[in-house]
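This report refers to the structure that appears directly beneath it.
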Amino acid sequence: MNSSGKIAIVTGAGTGVGKAITASLLGDGFSVVMTGRRKGVLEAAAAEFCEHSDRILIVAADIGKPDDVKALFDATIDRFKRLDLLVNNAGMSAPAVPLEDVDFETWNQVVAANLTGAFLCTQAAFRQMKAQTPQGGRIINNGSISATTPRPRSAPYTATKHAIAGLTKSTALDGRPFGIACGQIDIGNASTEMTRRMESGVLQADGSIRVEPTIDSALIGQAVLHMASLPPEANILTMTLMATTMPFVGRG
C-alpha cells in the first residue's frame, strides 16, 4: 500500500486509538490533519512523528461546535486543497452509574463528543468531497462494539454508538452518487487510557467484576489503514476488531 499524496483528517488524534491511526496513515504516505480539543496534547503526539512533520497539520477544535468544525475544514483545504479521508474517531465515555442517575450535563457532553461531532464532520466532509476534483473520498467511523452490544450502566455511550451505526449506513447510502464511501470499525478493548480500568476489572452483565483482555492500539491503526486503502469501488461497511478472548460474543 502507498497512499502518497492523499489527505486525511483524524479526530481525537492526540491520544490512544487516534494517535495509532495517525501513525499508520503517516507511515503509508498520507498527509494528516490531527485534531482534538487540546493543542498541547496534539503537539506532543505530532512530535513523535517528527520524520513526517511536513505532512502534518495540527488544528485544535471542539468538533461538537459548528464553528470549530468549519475552521478545521477551512484550515485543511487551505493547506492541502482537498480531502480524501475523514476518520471520525473522537469520543468520550461516562461514569458507570445507574441509568436514572445520569445527569443531563453528562448526557449532553457524550452526545456532543460521540455523535454530534461525527455528524458535523461528516457533513463538512460531504460538502468538500462532492465539490472537489476528482470527486469523492472515504469516511471511517469509530463505532465500538457498544454499537451493537452494551455494557451495564452505559446508556449515554451505548446510545451514541448505536447512533453512529445508523450514521454510517446513511452516509454510505447518501454518498454513493458522489463516490463517497463510508465504513465503521467496532473496536473491542484497544489498550488506551480509556480502557485502563480493564486491568482491575469491569462490571459484567451478570453482576460480576472481571478483568478483560486488551489489544495493542497499533492493530487498530493497521485495520483503519486497510479500510482506507481500498480502491473506490470497494468498501468495508463494518469491521469488528477485538481481543480474541474478551467476553463479547455471548455477553450477558
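Observations, loosely collected:
- Qualifying position, being in contact with a Ser or Thr (Cβ under 6 Å, 6 or more places away or on another chain) and either surrounded by 17 or more Cβ atoms within 10 Å (Cβ to Cβ) or not aromatic (Phe, Trp, Tyr) (or both), among Val87, Val69, Val59: Val59
- Against the numbered list (1) in contact (Cβ under 8 Å) with a residue 24 or more places away in the chain; (2) outside any helix (DSSP H, G or I); (3) more than 20 Å from Gly16 (Cα to Cα), Gly175 comes up short only at (2).
- Strands (runs of 3 or more DSSP E) wholly inside segment 26-95 containing at least 3 residues that are within 22 Å of Ile187 (Cα to Cα): 31-36, 85-88
- Scanning segment 142-171 for residues that are under 27 Å from Lys130 (Cα atoms) and over 16 Å from the mean Cα position of the chain (by Cα) returns a single hit, Ser170.
- When we screen Ala118, Ala124, Ala112 for residues that are at pLDDT 95 or above, among the hydrophobic types (A, V, I, L, M, F, W, C) and either under 13 Å from the mean Cα position of the chain (by Cα) or under 17 Å from Val224 (Cα atoms) (or both), the only hit is Ala118.
- Checking each residue in segment 112-148 for being more than 17 Å from Ile9 (Cβ to Cβ) and surrounded by fewer than 17 Cβ atoms within 10 Å (Cβ to Cβ) picks out Thr133, Pro134, Gln135, Thr148.
Condition check ((1) polar (S, T, N, Q); (2) surrounded by fewer than 21 Cβ atoms within 10 Å (Cβ to Cβ); (3) in a loop (DSSP other than H, G, I, E, B)) across all residues:
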{"site": "Pro152", "(1), (2), (3)": "no, yes, yes"}
{"site": "Lys161", "(1), (2), (3)": "no, no, no"}
{"site": "Lys169", "(1), (2), (3)": "no, yes, no"}
{"site": "Pro231", "(1), (2), (3)": "no, yes, yes"}
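- Residues that are assigned to a helix (DSSP H, G or I), among the charged types (D, E, K, R) and farther than 27 Å from Leu99 by Cα do not occur anywhere in segment 204-216.
The values are calculated or read from the model by the stated rules, or taken from the named source; none is laboratory data. These figures come from a predicted structure and were not determined experimentally. Here the Cβ is made from the backbone with ideal geometry for all residues, glycine too, and neighbour counts use every protein chain on show.
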